[in-house]
Amino acid sequence: MTNTIHIDAGSGYDVLIGRDLLAQVGERTRRALPKTARIAVFTDTTVQPLYGDAVERSLREAGFETCCFVFPAGERSKNLATVGRFLDFMSEHRLTRRDAVLVLGGGVAGDMGGFAASIYLRGIPFVQVPTTLLAAVDSSVGGKTGVDTAYGKNLTGTFWQPSLVVCDTGTFDSLGVDQVLDGTAEIIKTAAIRDADLFERLEAGALKADPEAVIARCVEIKGEVVASDEKESGLRRILNFGHTLGHAIELKKDYGISHGRAVAIGMLLVTAATRKNGWTESGIYERLLSLISSSGFAVETDVPLEDLCEAARSDKKSEGDSIHIIYLQTIGSCADRTVRFDALYDFLKSE
Ligand SMILES: NC(=O)c1ccc[n+]([C@@H]2O[C@H](COP(=O)([O-])OP(=O)(O)OC[C@H]3O[C@@H](n4cnc5c(N)ncnc54)[C@H](O)[C@@H]3O)[C@@H](O)[C@H]2O)c1
């Protein structure tokens, strides 16, 4: 069964979620982009050998001409140099405004391919085919595109919504443990901030039993948040629950910890603090802790709190002398308050 979620951002687009959808990518793209002649597939060296041929075959069967640009897999490729090479590649293949980009891969491919699509000829359409759980529930929806620079992650980019997202959950079979946990952390976050029922279903094991339904609900929630705050000036901030401290842990660990593992600990640290400070109902921390640990995450970090507070200062979401704290009031409901940096240590310190 294919779940279809409509996202009301940009000119509006569908997100299709189901198993064995790669063979339908061509036909579905044809419906979304009826006048498009050529498609530049943008993918990485890990994903291309796994799924590249199936996608290009499906596109050609639907009448598209294709060409394929492959970049070295990993975050280190997510920079302007890779985007520059892809822009040149599209020029060499004479792509016009009638043509489109199809991104096949995880969040790195999605962010860069979407960014290139947004600036090539001042913007051409693009389709996302996410192949990581994180890209499926998070990065492929919402239109944030971009690259890292020498000064930090995601410092250059655009808002550019895709025309279609096709998520074949069969592609997740080839993911490693940390890559699955990266997506799982975002799923737990989404349920915790917005949907008590989804959180209960996760507690009952829904991610294993019915991953398509869980992913669809997460996409729906992200879509609602994005539709009401496309350019991230308010509500969209709630999606950062656990992320400021998660980023601080990643930074202090020199990126030797995966993103999902860091975010999971970030969610717990902030919830322990907001429970102590009376902002979070009792019993909520314990439920979050139990779901996070039973999902396979470590629940503590050896990074000293002083170091985390210092790293949090450099977060790009900080404002002047304060930091936004997104916290759970209860399961399914969150809020946003600021805490001054000079009070952050005491705020976070355990009782
Ligand atoms: N735009 C947004 O809203 C948004 C949101 C969250 C994260 N992001 C970005 O997403 C990126 C992280 O995404 P990611 O974790 O998907 O990283 P990624 O794209 O680098 O994928 C992780 C690794 O998995 C490999 N891979 C991808 N699909 C695979 C598959 N099906 N089987 C086996 N291996 C596979 C990739 O080649 C890569 O080596 C970061 O750059 C982050 O900034 C963006």
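The values are calculated or read from the model by the stated rules, or taken from the named source; none is laboratory data. The shown structure was predicted, so the numbers you read here are calculated from the model rather than taken from an experiment. Because the Cβ atoms are built from the backbone with ideal geometry, glycine has one as well, and the counts that use them run over all protein chains shown.
Restricting attention to the stretch 141-154, the residues that are on the phi < 0 side of the Ramachandran plot and either not in a strand (DSSP E or B) or not assigned by TED's automatic domain parsing to the domain that holds Gly12 (or both) add up to 3. Filtering the stretch 155-164 for residues that are in a helix (DSSP H, G or I), among the aliphatic types (A, V, I, L, M), touching a Lys or Arg at 6+ places or on another chain (Cβ under 7 Å) and in contact (Cβ under 8 Å) with a residue 24 or more places away in the chain leaves an empty set. Condition test on Gly176, is it at pLDDT 95 or above and either surrounded by fewer than 19 Cβ atoms within 10 Å (Cβ to Cβ) or in the same structural domain as Gly105 (by TED's automatic domain parsing) (or both)? Criteria met by Gly176. Say we look at the stretch 313-342 and pick out the residues that are touching an Asp or Glu at 6+ places or on another chain (Cβ under 6 Å) and assigned to a strand (DSSP E or B); which of these is nearest to Gly152 (Cα to Cα)? Ranking the candidates gives His324 first. Might you check whether a residue that is within 9 Å of the ligand (Cβ to nearest atom) and part of a helix (DSSP H, G or I) occurs anywhere in the stretch 84-93? Looking through the stretch 84-93, none of the residues is within 9 Å of the ligand (Cβ to nearest atom) and part of a helix (DSSP H, G or I). If you scan the stretch 97-120, which residues turn out to be out of contact with any Leu (no Cβ under 7 Å at 6 or more places or on another chain), outside any strand (DSSP E or B) and not aliphatic (A, V, I, L, M)? If the condition is that a residue be out of contact with any Leu (no Cβ under 7 Å at 6 or more places or on another chain), outside any strand (DSSP E or B) and not aliphatic (A, V, I, L, M), then Arg98, Asp99, Gly110, Asp111, Gly113, Gly114, Phe115, Ser118 are the ones that fit. Residues considered: Val127, Val108, Val147. Of these, the only one that is touching a residue at least 60 places away in the same chain (Cβ under 8 Å) and away from the ligand (no atom under 13 Å from the Cβ) is Val127. Here Ser282 passes the criteria (1) under 30 Å from Lys208 (Cα atoms); (2) touching a residue at least 24 places away in the same chain (Cβ under 8 Å) except the one numbered (2). Which of the residues spanning the stretch 52-67 are more than 16 Å from His93 (Cβ to Cβ), of a type in the set (A, V, I, L, M, F, W, C) and assigned to a helix (DSSP H, G or I)? Within the stretch 52-67, Ala54, Val55 qualify. Among the criteria (1) in contact with a Cys (Cβ under 7 Å, 6 or more places away or on another chain); (2) assigned to a helix (DSSP H, G or I), the one Asp307 does not fulfil is (1).
The sole residue among Ser322, Ser295, Ser290 that is surrounded by fewer than 17 Cβ atoms within 10 Å (Cβ to Cβ) and within 24 Å of the chain's Cα centre (by Cα) is Ser290. Screening the stretch 184-293 for helices (runs of 4 or more DSSP H) wholly inside it with 2 or more residues that are within 15 Å of the ligand (Cβ to nearest atom) and either under 15 Å from Leu134 (Cα atoms) or of a type in the set (Gly, Ala, Ser) (or both) returns the ranges 211-228, 243-252, 259-276.
Is one or more of the residues making up the stretch 47-63 within 16 Å of the ligand (Cβ to nearest atom), within 18 Å of Thr132 (Cβ to Cβ) and acidic (Asp, Glu)? No, the conditions are met nowhere in the stretch 47-63.
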